[in-house]
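Written out below as structure tokens is the structure these notes cover.
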Amino acid sequence: MAQKGLARDTVVRAALELLDEVGLDGLSVRRLAARLGVQNPALYWHFRNKQELLDEMARELLAPEMGGPREEESWREWLTRRAHRYRRMLLSHRDGARLISGSNPGPEVAQAFERELRMLVELGFTPAQGLHAIGSISHYTLGFVLNEQAARERQARGDAQELSAYDEFPLTVAGVRESGAPTSEEAFAHGLRLILDGVAASAPT
């Protein structure tokens, strides 16, 4: 059948390309089928519905991102690198954070997370400490990028407002001028350090 000839990974790659063009709200099975030059039923051979497609797109992005510490790398260095890598992945596609936050990437990613958690336990964390450390950093990163990408969308629509134009917010403007916008690389790194300091307060040395 023609449907069998359409590879699953081809569909996912095309969906990610379409996501970059039209955003999550504009992504539809109909548009994806048109992009691939097939009828809608050809896609339902691989995915029962749009949510299943989104889940597979999330898995495609997340699976390569999982991994443990490098040789001689401390847990703090590892989790710092992991967070920055996770942020880059989320930013690599339009609405990447919205895609990940609304999807279930499945058992393959869950198993990779289990391996990461085991590595933290081997470094002296309890399972609960490791779970909350990775979870807190991941949630912080996801929320940060959600705001970051929302700001970009507002700028693209011309809805963004310049704080420098508001004399009634002198301290906010001064803070931005001193350390960058709240969605800057510097702001992300600062917040990450605060979380890691909290982890370090109860984690093994």
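The values are calculated or read from the model by the stated rules, or taken from the named source; none is laboratory data. These numbers were taken from a predicted model, which means no experiment stands behind them. Every residue, glycine as well, gets a Cβ built from its backbone with ideal geometry; the counts of neighbours run over all protein chains shown. The protein model used for the area step is the full one, side chains on, heavy atoms only, and it has no ligands, DNA or RNA in it. Shrake-Rupley method; radii C 1.70, N 1.55, O 1.52, S 1.80 Å.
The table below gives the values:
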quantity	calculated
Residues that are surrounded by fewer than 18 Cβ atoms within 10 Å (Cβ to Cβ) and farther than 22 Å from Val12 by Cβ, drawn from region 81-92	Arg81, His84
Region 71-92, residues that are among the charged types (D, E, K, R), within 24 Å of Arg152 (Cβ to Cβ) and touching a residue at least 12 places away in the same chain (Cβ under 8 Å)	Arg82, Arg85, Arg87
Number of the exception - Gln51 against (1) of a type outside the set (Val, Ile, Thr); (2) surrounded by fewer than 16 Cβ atoms within 10 Å (Cβ to Cβ); (3) free of Cβ contacts under 8 Å to residues at least 24 places away in the same chain	(3)
Selection count where residues are within 25 Å of the chain's Cα centre (by Cα) and assigned to a helix (DSSP H, G or I), scope region 44-60	11
1 or more residues more than 22 Å from Leu16 (Cβ to Cβ): qualifying helices (runs of 4 or more DSSP H) within region 72-140	75-91, 107-122
Evaluation of Arg157 against (1) free of Cβ contacts under 8 Å to residues at least 40 places away in the same chain; (2) within 18 Å of Met66 (Cβ to Cβ); (3) not acidic (Asp, Glu) (one fails), failing number	(2)
Filtered residues of region 37-48 (kept if among the aromatic types (Phe, Trp, Tyr) and open to solvent by 30 Å² or more (accessible area, probe 1.4 Å))	Tyr44, Trp45
Test: Glu17 is exposed (fewer than 14 other Cβ atoms within 10 Å of the Cβ), modelled with pLDDT under 95 and part of a helix (DSSP H, G or I)	no
Tally, over region 108-135, of residues that are open to solvent by less than 30 Å² (accessible area, probe 1.4 Å), of a type outside the set (A, V, I, L, M, F, W, C) and either more than 30 Å from Asn49 (Cβ to Cβ) or in contact (Cβ under 8 Å) with a residue 24 or more places away in the chain (or both)	2
Residue match in region 50-63 (condition: modelled with pLDDT of 90 or more and within 22 Å of Ile195 (Cβ to Cβ))	yes
Within region 148-205, considering residues that are of a type in the set (Phe, Trp, Tyr) and at pLDDT below 90, the one surrounded by the most Cβ atoms within 10 Å (Cβ to Cβ)	Phe169
Of the criteria (1) open to solvent by 20 Å² or more (accessible area, probe 1.4 Å); (2) at pLDDT 95 or above; (3) within 13 Å of the chain's Cα centre (by Cα); (4) of a type in the set (S, T, N, Q), which one Thr141 fails	(1)
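Per-residue answers, yes or no, for (1) among the aromatic types (Phe, Trp, Tyr); (2) without any contact (Cβ under 8 Å) to a residue 60 or more places away in the chain; (3) open to solvent by less than 50 Å² (accessible area, probe 1.4 Å):
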site	(1), (2), (3)
Arg31	no, yes, no
Arg35	no, yes, no
Arg94	no, no, no
Gly106	no, yes, yes
